[in-house]
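**Q** The following block contains the structure, expressed as structure tokens.
The values are calculated or read from the model by the stated rules, or taken from the named source; none is laboratory data. Since the structure is predicted, the reported quantities are computational estimates derived from the model, not experimental observations. When we count neighbours, we look across all protein chains shown, and the Cβ atoms used for this are built from the backbone with ideal geometry, even at glycine. Protein only, heavy atoms only, side chains kept; ligands, DNA and RNA dropped before computing areas. Shrake-Rupley method; radii C 1.70, N 1.55, O 1.52, S 1.80 Å.
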Amino acid sequence: MTLTTISQLVSAGLLDADQAPGLEPVAETFRVAVTEAMARPELAAQFVPTLAEMLTRAEELSDPIGDHAHAPSPGLTHRYPDRVILHATQTCEVYCRFCFRRESVGASGHLPEADLTAALDHIAATPAIREVILTGGDPMVLSPRRLGALLRRLDAIPNVDVVRFHTRVPVVNPARITDELIAALDIRPAVWVVVHTNHPAEITPEAEAAFRRLTRAGVPLLSQSVLLKGVNADPDTLEALFRALIRNRVKPYYLHHADLAKGTSHFRTTIAEGQKIMETLRGRLSGIAQPTYVLDIPGGHGKVPIGPGYLEPRGAQWQVTDPRGQRHAYADVTNGDVQAPAPAPILTP
Ligand SMILES: *Cc1c(COP(=O)(O)O)cnc(C)c1O
Ligand code: SF4
């Protein structure tokens, strides 16, 4: 059973009884839900409310990534020319304490039919849109019947090549990945699934079985994780997570720098800390297990890789840093009129 109240968290042993009364206001501000699979002490930091959430820093925003700044119709975000985000529902299986949409998730359930129709009309009327990203909330909380109906409507829009899910369901409630759901994913556009997962303990045997059902059906799997202090902000934990993912045919895609959502400063690292972790992983971990470390620029200006950088201009040449930290000169050599490079000096750090 999913735990949704402070007293249920106490009964499940995830919270001390003496802390409970102080946390009621937190649970009233930001909804609580912890599925059975996630109701474990080693995962509690992601899902169990704390008083720290009531501390809002001046820089924290209600809409940290600017979803509403680029909304041609309710429930649709169109920031990049070739792809849109469709918020099919605001419901999730779990409510993550660091969620960047924490002020909108859990609110009003599914997107009303009139808004859904307006969103699909915008997609159909905009041939530059090639990809529809279903997010929410979590689109995989929709019943296979409802999801199937939505996917058939997307299938009928010729410019849609790809339908991408952003979901936590295969990890937080793997039993939802049923044959019926998988059958609904079998449409003309290529369906890609990006699984949000942050800690190796989330990759249970049941989650692995759900990944297997999806990959066996030909659905490519990617992952996205949020860099979170007290959860995964160290190279060992992320190494274990990314290894578990590639073992299960899930390609780590993005590691997000934690967004400026309200009441989440206790989870946030500095960018320099994140770069240091990525630098350590670069030397240690298979290339296919490396995600791109990204920042969603506050205000809706888009996501960009934030390093670490390995390349710096040095006069007419480049200086490249290798995974051990040693620096090397590199000169562009093309068949154009680029000058022959001087013999490359090896610079020591
Ligand atoms: C994150 C995001 C996307 C997807 O970006 P990718 O880099 O393609 O994964 C698309 N639209 C919006 C508004 C986004 O925030
Ligand atoms: S599942 Fe995703 S959308 Fe839902 S609360 Fe967690 S991070 Fe936010």
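**Q** Sticking with the crude label model, points 7 Å out along Cα→Cβ, report the distance from residue 234 to residue 303 in nm, one decimal please.
**A** Going by the 7 Å Cα→Cβ label model, 2.7 nm.
**Q** Let me ask another. Read phi for every residue in the stretch 206-213 and hand back ³J(HN,Hα) as whole Hz from Karplus 6.51 cos²θ - 1.76 cosθ + 1.60, θ = phi - 60°, with x for Gly and Pro.
**A** In residue order, the calculated couplings are 5, 5, 4, 5, 5, 4, 4, 4 Hz.
**Q** More than 21 Å apart: what percent of Cα pairs in the stretch 220-291 qualify?
**A** Of all Cα-Cα pairs in the stretch 220-291, 23 percent lie more than 21 Å apart.
**Q** Would you please give the residues with an amide H less than 5 Å from that of residue 269, counting only those at least 5 places away or on a separate chain, with H modeled from the backbone geometry?
**A** Hits under the 5 Å cutoff: 229, 258.
**Q** Considering only the other residues whose Cβ falls under 9 Å of the Cβ of residue 267, what net charge follows from Lys and Arg at +1 and Asp and Glu at -1?
**A** Value of the local net charge: +3.
**Q** Per residue of the stretch 251-260, what does 6.51 cos²θ - 1.76 cosθ + 1.60 with θ = phi - 60° give for ³J(HN,Hα)? Whole Hz please, x for Gly and Pro, Karplus curve as stated.
**A** Karplus values, whole Hz, x for Gly and Pro: 8, x, 10, 10, 10, 8, 5, 4, 6, 7.
**Q** Calculate how steeply helix 113-124 sits against the longest principal axis of the alpha-carbon atoms of the chain, using the helix alpha-carbon long axis, and give the answer as 0 to 90 degrees to the nearest 10.
**A** 30 degrees
**Q** Then there is this: On a 0 to 90° scale, report how tilted helix 144-155 is relative to the longest principal axis of the chain, with both axes built from alpha carbons and the result rounded to the nearest 10.
**A** The answer is roughly 50 degrees.
**Q** Percent antiparallel among DSSP beta bridges with both residues in the chain, to the nearest 5?
**A** Rounded to the nearest five, the antiparallel share is 35 percent.
**Q** Now, a different point. In square nanometres and to one decimal, what's the mean projected area of the convex hull around the Cα atoms of the chain?
**A** Its Cα hull, projected and averaged over all orientations, spans 20.8 nm².
**Q** Counting only protein heavy atoms and using a 1.4 Å probe, what share of the accessible area of the chain belongs to carbon plus sulfur, as a whole percent?
**A** 55 percent
**Q** If you don't mind, there's one more thing I want to ask. Using a 1.4 Å probe on the protein heavy atoms only, what accessible surface does residue 297 show? Give it in Å² to the nearest 10.
**A** 60 Å²
**Q** Which residue, 269, 29, 91, has the most motion in a Gaussian network model of the chain that connects Cα atoms within less than 10 Å?
**A** Among 269, 29, 91, the largest GNM mean-square fluctuation belongs to 29.
**Q** Provide the per residue accessible area, probe 1.4 Å, for the chain, rounded to a whole number of square angstrom.
**A** 46 Å²
**Q** At what distance in nm do the modelled label points of residue 335 and residue 128 sit from each other, each positioned 7 Å from its Cα along Cα→Cβ?
**A** It is 3.5 nm.
**Q** Still on this model: With r as the distance between the Cβ atoms of residue 62 and residue 16 and R0 = 30 Å, compute the FRET efficiency 1/(1 + (r/R0)^6) and round to 0.05.
**A** My answer for the efficiency is 0.45.
**Q** If you average the C-alpha positions of the stretch 70-84 and of the stretch 255-286 separately, how far apart do those two centres end up, in angstrom?
**A** Using only Cα atoms, the two centres lie 27 Å from each other.
**Q** Counting only the heavy atoms of the protein chains, how much of residue 143 is accessible to a 1.4 Å probe, in Å² to the nearest 10?
**A** The value for residue 143 is about 40 Å².
**Q** Just to confirm a number: summing +1 for Lys and Arg and -1 for Asp and Glu over residues other than residue 318 whose beta-carbon lies under 9 angstrom from that of residue 318, what do you get?
**A** -1
**Q** List every residue whose amide H lies under 5 Å from the amide H of residue 164, counting only residues 5 or more places away in sequence or on a different chain, with H placed 1.01 Å from N in the peptide plane.
**A** 132, 133, 134, 192
**Q** Could you sort 262, 276 by their accessible area in this structure, using a 1.4 Å probe and putting the largest first?
**A** Listed by decreasing accessible area, they come as 276, 262.
**Q** Right, here's the next one. So how tilted is helix 271-284 from the main axis of the chain? Cα-based, degrees 0 to 90, rounded to 10.
**A** 70 degrees
**Q** What residues have an amide H closer than 5 Å to that of residue 110, excluding those fewer than 5 places away on the same chain, when H is modeled at 1.01 Å from N in the peptide plane?
**A** Placed amide hydrogens put 90 under 5 Å from residue 110.
**Q** Can you give the calculated 222 nm mean residue ellipticity of the chain, where each DSSP H run of n ≥ 4 adds -39,500 (n - 2.57) and the sum is split over every residue, rounded to the nearest 500 deg cm²/dmol?
**A** The helix contribution divided over the chain gives -7500 deg cm²/dmol.
**Q** Residue 286 to residue 320: FRET efficiency via 1/(1 + (r/R0)^6), r the Cβ-Cβ distance, R0 22 Å, to the nearest 0.05?
**A** After rounding to 0.05, the efficiency reads 0.60.
**Q** Would you rank 164, 314 by solvent-accessible area, highest first, keeping every protein chain in place and using a 1.4 Å probe?
**A** 314, 164
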